[in-house]
Each structure stands twice: as C-alpha cells, then as structure tokens.
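Below: the structure, in structure tokens.
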Amino acid sequence: APAFTTLIKELGRTGQWEKAVEAYRAMAAAGVAPNTITYSALINACGKSKEWEKALEVYGEMRAAGVEPNIFTYSALISSCAKGRQWKKAFEIYDSMRAAGVEADAITYSAMISACEKSKQWEKALEVLAAMHKAGVEANTITYNCVLAACEKAGQADKALEVFQAMLRADVKPNAVSFATLLAACERAERWEAVMDLGARMAKAEAELEADALRVLLTAAHKTHRWDRAAELWERAAKPGG
RNA sequence: UACGAAGACCUUUGUU
C-alpha cells in the first residue's frame, strides 16, 4: 500500500486527480486493501484539484469500506472544502470529527481558517482562531497567515494589523508570506504609514524582500515623502542576497 | 526507539 499511496500523492501534486482515482481502483485489482493513509492521500489529491465533491465521495467509500478516518483524513477533507470554497461543508466535517472524538490540532484549525478565508468569511475565521485558543491549541505562523489572508481578502486592513499585533504578542514569528499579506491589505487600504511600519519590522526580522514587497514599500515611501527610506530600500534591494 | 506512504499559509500546474 505505501507504493500506491506515494503514487497517489504524486499524481495529486501534479494535478492529475483522475489518475489518482485510477491508481486507487488499481489497488483493489491488485488485491491491496486501501487503508486510512491511502484514503487520506486520495482525498487530498482530489482536494488539490478543487474536486471537493469527489473528495467527499471518496470519504463515503472509505466509510463504506469500514476504514476509520483520523486527523489526517479530516484535515484533508477540510482542506478540500476550503479549496472548493465550501466553508459550511468544512464546518460539517469539523463537527463530525469532533463527534468522532478526534481533537483538532494546529493544522486542522489552519485548514478551517483557510476555508473561511477562501469563502470570504473573515469573521468566521476570527471565530475559529478564538475557538482554537480556547481549546488550548497554539496558533503558529501558518495559522496566523491564514487569518491575515482572511482579513486581507475582505479588505479589512485594520483587522489584519490587529491580528498581526496579536501574533507578535503571542511570540509567533511572521515570515515572508505574513508580510506579503499584510502589505497587500495595507496597500489596498492605502495605509502608507502602516506599510512603512511593516517595512521597518521586515528589516528587523530580516525577512526576505521580494519584488512585490519592495514595490509596495517604495510606493509608501513616496506617498509619505520618506525619500531617505526609499533610497535605503533601493540600496538594500540592489545588494545580492539583501 | 527507529526502520519507503497521508493533512494547513505560500510555491508549481489547470480553469476564469
């Protein structure tokens, strides 16, 4: 079964979900029984291609075959719903997971928040973060990135900055994705002072300065008449590895 | 104890 699972994952990674399903069918023909790991990989393969209905169908077959889902299975299902922008379905899966006595971890919560984000439910995303905290599960950089993305997508720059503060208070390190999301939110809201502030934090965090981030930071320097900062940015960007 | 397999942001690919 591990060989089939590896194949299914690879097919999923390259967007060939139909072939992944074929590989799964071929298992039966070869007399190999799919297990929890195989099903989780197949659900994820379907989810990656935004085939959330197929992912749920596979889940149904899994249950019918008497194979027990675990936290990987549920997280993959939630992630599938996220990519298909089915936040209500994601909550349904989450509820059934809890009913089965499976505790959500940081990955599960992040997938839930991502589901809210992609369905443009930023308030729900904040609710999930609060529930996570209440459950005593620590939010990590990715979790916060999902929340930041939810705020950004909804045009809630102030909320994004609030979440960022909470992130720093929780001692969770922002990465390049965090900053990119924050910059996007602030750019859209024309919060140039906030952008300048982020630029300073990025420098302190030694975060990688990508082209798009540089563009927004330069725009902000221009808008706030901080020519000195613009020059500094330019020099830093010109340096190899800087 | 370990010993080829599975889940979250971003990245790749496809669709608009």
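We did not get these values from a lab; they are worked out from the coordinates using the rules stated. All figures in this text were calculated on a predicted structure; none of them were measured in a lab. Positions of Cβ are generated from backbone atoms using ideal geometry, with glycine treated the same way; all protein chains shown enter the neighbour counts.
Worth pointing out:
- Protection proxy ranking, peptides A:102-115, A:183-196, average beta carbon neighbours within 10 Å, highest first: A:102-115, A:183-196
- Cα centroid separation, region A:146-175 to region A:10-40 (Å): 38 Å
- Partners of residue A:118 within straight-line reach, counting aspartates and glutamates whose Cα lies under 17 Å from its Cα and excluding those fewer than 8 residues away in the same chain: A:51, A:53, A:92, A:127, A:152.
- Length-normalised contact order of region A:1-117 in % [C-alpha pairs under 8 Å, at least 6 apart]: 22 percent
- Positive minus negative residues near residue A:50 (Lys, Arg vs Asp, Glu; Cβ under 12 Å): +3
- Projected label distance in nm at residue A:32 and residue A:131, using a 7 Å step from Cα toward the beta-carbon: 3.6 nm
- Length added when fully stretched, residue A:96-residue A:158, from 0.36 nm per residue minus Cα-Cα: 18.9 nm
- Spin-label pair residue A:10/residue A:222, simplified geometry with 7 Å Cα→Cβ offset, distance in nm: 4.8 nm
- The angle between the Cα long axis of helix A:17-29 and the main principal axis of chain A comes to about 30°, on a 0 to 90 degree scale.
- Acute angle (nearest 10 degrees) that the helix A:106-118 long axis makes with the longest principal axis of chain A, alpha-carbon atoms: 70 degrees
- Angstrom value of the Kirkwood radius, inverse mean 1/r, which spans all Cα pairs in region A:108-242: 15.2 Å
- Among the listed pairs A:204/A:239; A:48/A:239; A:19/A:89; A:9/A:159; A:83/A:204, those with a Cα-Cα distance over 28 Å are A:48/A:239; A:9/A:159; A:83/A:204.
- Separation of the residue A:234 and residue A:175 label points, Cα + 7 Å toward Cβ, nm: 3.3 nm
- Averaging Cα coordinates gives a centre for region A:198-242 and one for region A:48-101; these two points are 42 Å apart.
- For the pair residue A:215 and residue A:166, a Förster radius of 35 Å applied to the C-beta separation gives a FRET efficiency near 0.80, rounded to the nearest 0.05.
- Among A:204-217, A:223-236, A:134-147, sorting by the average number of other beta carbon atoms lying within 10 angstrom of each residue, highest first, gives A:134-147, A:204-217, A:223-236.
- The residues packed around residue A:170, meaning those with a beta-carbon under 15 Å from its beta-carbon, carry a net charge of 0 if Lys and Arg are +1 and Asp and Glu are -1.
- For chain A, the Cβ-based charge dipole about the Cα centre amounts to some 300 debye (Lys, Arg positive; Asp, Glu negative; other atoms uncharged).
- The Kirkwood hydrodynamic radius of chain A, based on inverse pair distances between different Cα atoms, is 19.6 Å.
- Phi angles of region A:194-199 translate, via the Karplus equation with coefficients 6.51, -1.76, 1.60 and θ = phi - 60°, into HN-Hα couplings of 5, 4, 4, 4, 5, x Hz per residue; Gly and Pro are given as x.
- Taking every C-alpha pair closer than 8 Å and separated by at least 6 residues, the mean separation divided by the residue count of region A:150-234 gives a relative contact order of 25 percent.
- Length-normalised contact order for chain A - Cα pairs under 8 Å, 6+ apart - percent: 10 percent
- Against chain A, whose longest principal axis comes from its Cα atoms, helix A:157-169 is set at around 80 degrees.
- Net charge in the neighbourhood of residue A:8 (other residues with Cβ under 12 Å of its Cβ; Lys, Arg +1, Asp, Glu -1) is +2.
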